[in-house]
Amino acid sequence: MVLSRVWYAVLGLLLAVGAFVLFMAEGMYNRVGARSMGEALNSDSQVVSWYLGNDARQRSAMLIEFALHPDIAKYLAKSSDSESKVPEDAKDKVGAALRAVNDKIPTDFSFDAVFAVDQYGRVVAHTGYEQASGLEDFELGGYPVVADALHGFIRDDTLVLDRIYRVVTRPVEVEAGSAPAGAIMGARIIDDKFARELSSRTGAAVAFYTKGERVAAGSPEGFDKSQLDQIITDLPNATGDADYTEKGRSSIRTIGGAGLGVQYSRLPGEAWELGAGFAVGRLPAHVDGPLGFFKQADDKDKKRVPVILVALIAIGAMGVGFVFSIFEHSRPLWIFRREAGRLAKGQADQLAPSKFRGIYRKIAIDLNDGIDQVAAKGGVPRRAADLKQVLGDIPAEPQMSAFSFPGDSVPQPSSASEPEAPAPLPSAPSSPRLPKVPPRLGAQAQPAQQPAAPGAQPPFDSTLPSMEASPAAAPRPPPPRRSGADASPTPPPAGANEWRQVYEDFVALKKQCGENVDGFTYEKFEQTLKKNRDALVARHGASRVKFSVYVKDGKAALKASPIKG
Amino acid sequence: MTRTKAHRVALGAAVAFLVSGAPGLAQAAKIKGKVAGWRGLLNPVWDEARDPKKHGYTFREVVPTVRAEYRALFPNIPKELCIVALAAGKQAPQRTAILIRVGGGRTTPVTIVVPPQTQLQFLNTDPFKHRLYGVGVQTFQVGETVKGAHRDWAVPGPGSFEIRDEAAPSLRTWVIGEPNVAAIAYPSLKGEFQLTLPADGSYTVQAYFAGKKVGPAVPVEVKGRDVDLKVPIKVAEEKKAKKKDDKEKDEDKSDDDKDKK
């Protein structure tokens, strides 16, 4: 059992190691996930910033279309020459030109609103900014982005007006070298549509905020953008972040129960000072417990698992376990059962310890010792067998006369109703008396106490368990007991040789027991055996009867075992 | 109110003074003049905004076809350069409020000089709200002004007061309380101005920009007739402006190089 136990220990250790590794892997996975999330958030913030800048540059290039439109330049110059008011025809012409040009711009770079501003900063015309429709004094000249354009610069800005606008401006010139006639400003509203486009192009989940409110959000597929609503509660804390204040980008923050990672960035332009910005968010790669790996694994991960190797490991482990259990449990048990069977059948008089291993050897030795102990005591005290129950009516002259030897004082067999009484042997060979037949095996009859008188014929011990068994049933002869070498049952010899051997064993045993064997001839012995055999064969339908010798109460005794088949 | 009307109100503040202090328009004398060197002035808001450290933009590039002299961030003088006629004695504040439009990232005018206790009316001409406040001014705390609404404030005393807007960082207005202000005017884009005086007398013409005096104080004696200042009032050095422009050009170039890198 050592190997099996070691194997169980190995399996247990492997299981523990597996659990340990899983728990450790969970921690490592979550830690790496958090770190990766931080790096990814940094990357997202950077990418979004680049996107905003690059998008502004590309859109500023679109402003050339407006600046080169002859009506726009011409009428902006006209408006700039009119100090008191914007000429009405300038409004119309410039407005029409703005709409015409804006319609031609590719959708990806189109503007939500376009403004044409004269040198005074007055908005001569605009399109897409309906909030200002009807405002006679609408102007934009105070914004640095417009002022820069009026002074010959192209640049971008983020204005926080009624909404957040990403704007680009450029000057409009009537002729090269002259002062700009005005400026064109294109604006893109930062709304959900803008955020969605940004998200689809950068892969970042992004939300824009201003004045403590989320104003737009977009997220890639698989990310619930409503998660970004949580930034509202965190914004007051985030804006106090030293990195956010100084560098414009906060450290990585974790908010919400799902561990949403967020990084806040300030938007460039006027929005920088107004507290407007954007937040990128990511959910960490996280597993809830060791079994969480199964939930996280996708089909690709599962395909990467060497299933065959895993199956082989499992089969191998099971095989090793089976082999160990067979070698250390099943096989010894089988051998023990086989040997016990042999013992039960009388094919062996004791268990051979050399055939067993481990605990079975010890058990065999103990059993042998037990058998010897019982045998040394002359057998377990049992009730006298009722031979009549086994053999039926016994003739008045039981054929046990073979056990009556001349000169022997043979005690009369005791009655079956008196099991404890010594069973007297038949006094004469001609009138043998069968001993009481013991009860059936299941009754565990006690052998009759038959103390033989000195010089008496050896009793025919019919109280043996083998005699108690039904001949039809599997014979269950009790293990013949011998003291020392004599305890082994006589192997079933055939015919006279067998009986001769039994006779010799019997005589020898008698001598060992100090009994008188004078006049105890084989012929008499044989006649007695024959009669008993015939009687037993007739009663039980046995094919033969095996006789063996043993010591009982310090005297030699015979045991008759009918054998069927 | 139409844009023309508002414009007139703003730019005609001097006229309003004249009306309040003079017996009649027909008898008012004028001081006509011109400012020079104003391209040497630098709008402080725009100047700050071009500093990359302010994070005001992701890119800012010059348009090479625009000459360098125009690329200097000189102010829009019709709104920002206030020409003041200072009388010898204290002047009474105007009876009606002076309208100041709030819109487009600034106010119109940007700089105004008035006698203390003058009422100013800030009218929001933008389609969204503003949150004006006076920097360090107890009587002008942060307050919301929605579209089309106005907010009144009286200049508490002599001195310079800066008005800002929490909703528009570029908005910076300077109100100067000056007891002797008799008339104010704003020049055209060409630098020409005209002060309408309430009465004959000795005056000093002074330009104010971004809350401070710029250029020399020019004494003028008015005696029943209009006075033409033959010498332009130089508010800044043109050469200096050119140097600044060159400096800016260099800075822009270095900014471009940084961007390319």
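Laboratory data are not the source of any read-out in this text; all were calculated from the coordinates shown. The structure presented is a predicted model; accordingly, all values stated were derived computationally and were not measured. Cβ sites come from the backbone with ideal geometry, for glycine too, and all protein chains shown count toward neighbours.
Tabulated data for the structure shown
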{"read-out": "B:E48-A:F294 pseudo-label distance in nm [points 7 Å out on the Cα-to-Cβ vector]", "value": "6.3"}
{"read-out": "Average beta-carbon neighbours from other chains, 10 Å sphere, peptide B:102-110", "value": "6"}
{"read-out": "Extended-chain gain in nm, criterion 0.36 nm per residue less alpha-carbon gap, A:D81 and A:A9", "value": "16.2 nm"}
{"read-out": "Positive-end residue, segment A:151-249 charge dipole about Cα centroid, Cβ charges, pick of A:G222, A:S199, A:V172", "value": "A:V172"}
{"read-out": "Part-to-part distance (alpha-carbon centres) for segment A:124-198 and segment A:497-530, which is given in Å", "value": "136"}
{"read-out": "Length added when fully stretched, A:D241-A:V517, from 0.36 nm per residue minus Cα-Cα", "value": "87.5 nm"}
{"read-out": "Taking segment B:129-171 and dividing mean pair separation by its residue count, relative contact order in percent (alpha carbons under 8 Å, at least six apart)", "value": "49"}
{"read-out": "Ranked by how many other beta carbons lie within 10 Å on average, peptides A:45-58, B:219-232 from highest", "value": "A:45-58, B:219-232"}
{"read-out": "Mean Cβ neighbour count within 10 Å, used as a protection proxy, ranking A:200-211, A:138-149, A:299-310, B:152-163 highest first", "value": "A:138-149, A:200-211, B:152-163, A:299-310"}
{"read-out": "Cβ-defined net charge surrounding A:D55, 10 Å radius [Lys, Arg +1; Asp, Glu -1]", "value": "+2"}
{"read-out": "At R0 = 60 Å, FRET efficiency that the Cβ-Cβ distance of A:N54 and A:V17 yields, to 0.05", "value": "0.70"}
{"read-out": "Length added when fully stretched, A:T233-A:Q501, from 0.36 nm per residue minus Cα-Cα", "value": "85.7 nm"}
{"read-out": "Approximate spin-label separation B:K190-A:D92, in nm, with each point projected 7 Å along Cα-to-Cβ", "value": "2.9"}
{"read-out": "Estimated FRET transfer efficiency when R0 is 60 angstrom, pair A:D224-A:I64 (beta carbons, to 0.05)", "value": "0.90"}
{"read-out": "Net charge of neighbours whose Cβ lies under 15 Å from the Cβ of A:A96, counting Lys and Arg as +1 and Asp and Glu as -1", "value": "0"}
{"read-out": "Unsatisfied cross-links (Cα-Cα over 22 Å) in the set A:K193/A:K225; A:K531/A:K564; B:K32/B:K234; B:K147/B:K190; A:K225/B:K53", "value": "B:K147/B:K190; A:K225/B:K53"}
{"read-out": "Residue (of B:V102, B:P115, B:G157) at the positive-pole extreme of segment B:89-202, dipole from beta-carbon charges", "value": "B:V102"}
{"read-out": "10 Å Cβ neighbours from other chains, averaged over peptide A:269-278", "value": "4"}
